[in-house]
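Here's the structure, in structure tokens; my notes come after.
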Amino acid sequence: MSETIEKVTCLIIGSGPAGYTAAIYAARANMNPVLYQGTQPGGQLTTTNEVENFPGYPEGVTGPEMMVQLQAQAERFDTDVRHGWVTKVDFSGPVHKVWVNDTKEIHCDTVIISTGASAKYLGLESEQKYLKLGGGVSACAVCDGFFYRNQEVVIVGAGDSACEEAHYLSKLCKKVTMLVRRDEFRASKIMEARVKNTKNIEILFNTETDEVLGDGQVVTGVRVFNNKTGAKHEIPATGFFVAIGHKPNTDIFKDYLDMDETGYIINVPGSSKTNVEGVFVSGDAADHVYRQAVTAAGTGCMAALDAERWLAAKDASFEVSTPTYN
């Protein structure tokens, strides 16, 4: 363990749209934020090839490029952006204790959690190959469905989220083939009925993915197999969507913060506050409904403002700034 304990007014854990937006607001409020980027600097957007639904980018932008720009904007206001990831916390007392890389100890007045969530994938080598290439594998139909207009796609999943994404894709794509591993859906009856009654959605039960096919650059199809008969066949497709859930990156906080059964941090409705005073949450670490870059950025703003006001209420010498749009 380090011999010197660092004291920080505002520590931001995570570096996606939520973390960087929180940093921009916290820095402009003279909170001298320190931001640790985590194991995936930039978050999930660094795996997104094109972003066309974030305001202010009429020509679109790549996910990595957007994260570089957000980091530069945060640093412009003197945010201390650091490499490293938080490996342990102790929120049991009045001082919020955080350890970075299992060595450095930091004592924080306020903590903003922006650790996000990670999409679950099947783990196939071919799936990961085309995911990394940005060549047709996605875990977000709302984010990427536009790129497959009038094309044929495949989606894997059987829950409400999978049905919702399949229905969304059906409005854009010529045909959507839905792969359901069991002989029934896990989704609610109303969501199940919605996909079953959509003409251009074909549902294959007892069906799993054998391999994502492609030409080395982009997806061209999917080879599937029936897990009852073992029979295999290929489905032509230019897009392969995985909708089997997300896992919030919140394990290190579970001993201190209220969470739902999946691990999403529960915030006080209408705010970014958690059950621990001085600890706030933003982005996909709490949001299991929208999971968009723009909503994550919005909650990052909320977290910084909440943290600023909490500090002012605790310490009369800390002056609350007036939020501005410039």
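The values are calculated or read from the model by the stated rules, or taken from the named source; none is laboratory data. All figures in this text were calculated on a predicted structure; none of them were measured in a lab. Cβ coordinates were reconstructed from backbone atoms using ideal geometry, including for glycine residues, and neighbour counts include every protein chain displayed. Keep in mind that these areas ignore ligands, DNA and RNA; they rest on the heavy atoms of the full protein, side chains included. Shrake-Rupley method; radii C 1.70, N 1.55, O 1.52, S 1.80 Å.
Among Thr238, Thr262, Thr79, the residue with the largest mean-square fluctuation in a Gaussian network model of the chain, with springs joining Cα atoms closer than 10 Å, is Thr262. Taking GluC sites (Glu not before Pro) across region 121-205, the ones in a DSSP loop with at most 16 further Cβ atoms lying within 10 angstrom of their Cβ are Glu184. Our estimate of slack between Lys199 and Ser92, defined as 0.36 nm per intervening residue step minus the Cα-Cα distance, is 33.1 nm. Using the Cβ-Cβ distance between Lys189 and Tyr168 with R0 = 30 Å, the FRET efficiency computed as 1/(1 + (r/R0)^6) comes to roughly 0.95.
In a DSSP loop and with at most 11 other Cβ atoms within 10 Å, the GluC sites (Glu not before Pro) in region 48-85 are Glu59. Each DSSP beta bridge with both residues in region 94-232 is either parallel or antiparallel, and the antiparallel ones are about 60%.
Largest first, the residues Arg28, Arg223 sort by 1.4 Å accessible area into Arg28, Arg223. Of the residues Tyr290, Tyr168, Tyr20, the one with the largest accessible area comes first in the ranking Tyr290, Tyr168, Tyr20, computed with a 1.4 Å probe on protein heavy atoms. Between Ser271 and Phe225, the simple label model (points 7 Å from Cα in the Cβ direction) yields a spacing of 5.4 nm. Atom-type composition of the exposed protein surface of region 65-143 places 49 percent of the accessible area on carbon and sulfur (1.4 angstrom probe). Of Cys143, Cys163, the order by accessible heavy-atom surface (1.4 Å probe, DNA, RNA and ligands excluded), from most exposed downward, is Cys143, Cys163. A simple spin-label model places pseudo-atoms 7 Å from Cα toward Cβ; at Asp255 and His107 they are separated by 1.9 nm.
In a DSSP loop and with at most 16 other Cβ atoms within 10 Å, the GluC sites (Glu not before Pro) in region 231-292 are Glu261, Glu277. Springs between Cα atoms under 10 Å define the GNM used for the chain, and in it the highest mean-square fluctuation of Val276, Val156, Val289 occurs at Val289.
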